[in-house]
Structures are given as structure tokens and as C-alpha cells.
Amino acid sequence: MAAVLNKEALENGPLVIQRRYVPDSHAHYAGGITAGAYAMELFGDAATELSVLHDGNEGLFAGYDAVTFLQPILVGDIVECRAALLSTGTRSRRMGFEVWVQSRRRTGSTDGTALVLDEPILATTAIGTVVAPEKSN
């Protein structure tokens, strides 16, 4: 699966971009691989920010239509989570999410050396829906 945030979504905003360092404490599998839940937590945080920007309210995540794990997220990575509105209904907000690995710890490094990647790696994509509360009169 390719990126879910098309040019229109990226240009029409709002667009949320959050960066995080993945600490060693998030290793879940051998080789320092994180659990898929790590990306899902990033998506939840980005959805909250996007909801606040769009509706002035945190909203409530209703569910995902699709989640695709393309590449592992490793401890020592610096990742960028992107979120944008794909469509809006009366109260529903369909959002697209992507996690891109921007830098990666050198294989076998024990001193924290890392590489900024020439080409970021698309690790995880998702499409989900957040529901905004009814507006009170």
C-alpha cells in the first residue's frame, strides 16, 4: 500500500506533523522492533491534535477502516507521524495517517550513532474516523 495522504489532503490542511524519538523502552520484539500499537498510539495523538485544530474539541476516535504495517519501527528511530483530513461529514471526520522513519540507529550501535535517511521509510498507514461532539445551541 502506498501513502494514504494524497496531494490534495496535504495542501488543503489542516495537516498535523508530530516527530518522536523511539526509546529503547518501546522494544517489544527481538531486534528492537516496536509493537504495531506504537504507531496506533501516534495516530491517536495526531487525530486528537487534528480534531482540536478543526473542531476545537478532542473528538472521539470511532474506528479504523484500514491499517497497514509496511516496515518495522525500531528503537532508536526518529519517526514522523502525519495526519490530514480526507473528508468531513456533519460530525464525522475521516482522517489519513502515515508514520515515516526519518532516521535510524546504526545497526549494532551501542554508542547511539544514527543515520538521517536519504529517503524516509513509510512504515505504517491508516485511515480512520473521529466523531466530533454535537454543537450545543
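The values are calculated or read from the model by the stated rules, or taken from the named source; none is laboratory data. Keep in mind that this is a model prediction, so the values were computed, not measured. Methodologically, a virtual Cβ is constructed for each residue, glycine included, from the backbone with ideal geometry; neighbour enumeration extends over all protein chains shown.
Structure above, values below:
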{"item": "Flag if Ser51 is assigned to a strand (DSSP E or B), under 21 Å from Glu134 (Cβ atoms) and either modelled with pLDDT under 95 or touching a strand residue (DSSP E or B) at 6+ places or on another chain (Cβ under 7 Å) (or both)", "result": "no"}
{"item": "Residues located in segment 20-43, provided they are surrounded by 13 or more Cβ atoms within 10 Å (Cβ to Cβ), in contact (Cβ under 8 Å) with a residue 12 or more places away in the chain and not aromatic (Phe, Trp, Tyr)", "result": "Arg20, Val22, His26, Ala27, Gly32, Ile33, Thr34, Gly36, Ala39, Met40, Leu42"}
{"item": "Residues of segment 4-40 that turn out to be closer than 20 Å to Val130 by Cβ and modelled with pLDDT under 85, as a count", "result": "9"}
{"item": "Residue that is surrounded by the most Cβ atoms within 10 Å (Cβ to Cβ), among those in segment 54-77 that are among the small types (Gly, Ala, Ser) and outside any strand (DSSP E or B)", "result": "Gly59"}
{"item": "Residue in segment 106-118 that is in contact with a strand residue (DSSP E or B) (Cβ under 7 Å, 6 or more places away or on another chain) and surrounded by 20 or more Cβ atoms within 10 Å (Cβ to Cβ) present", "result": "no"}
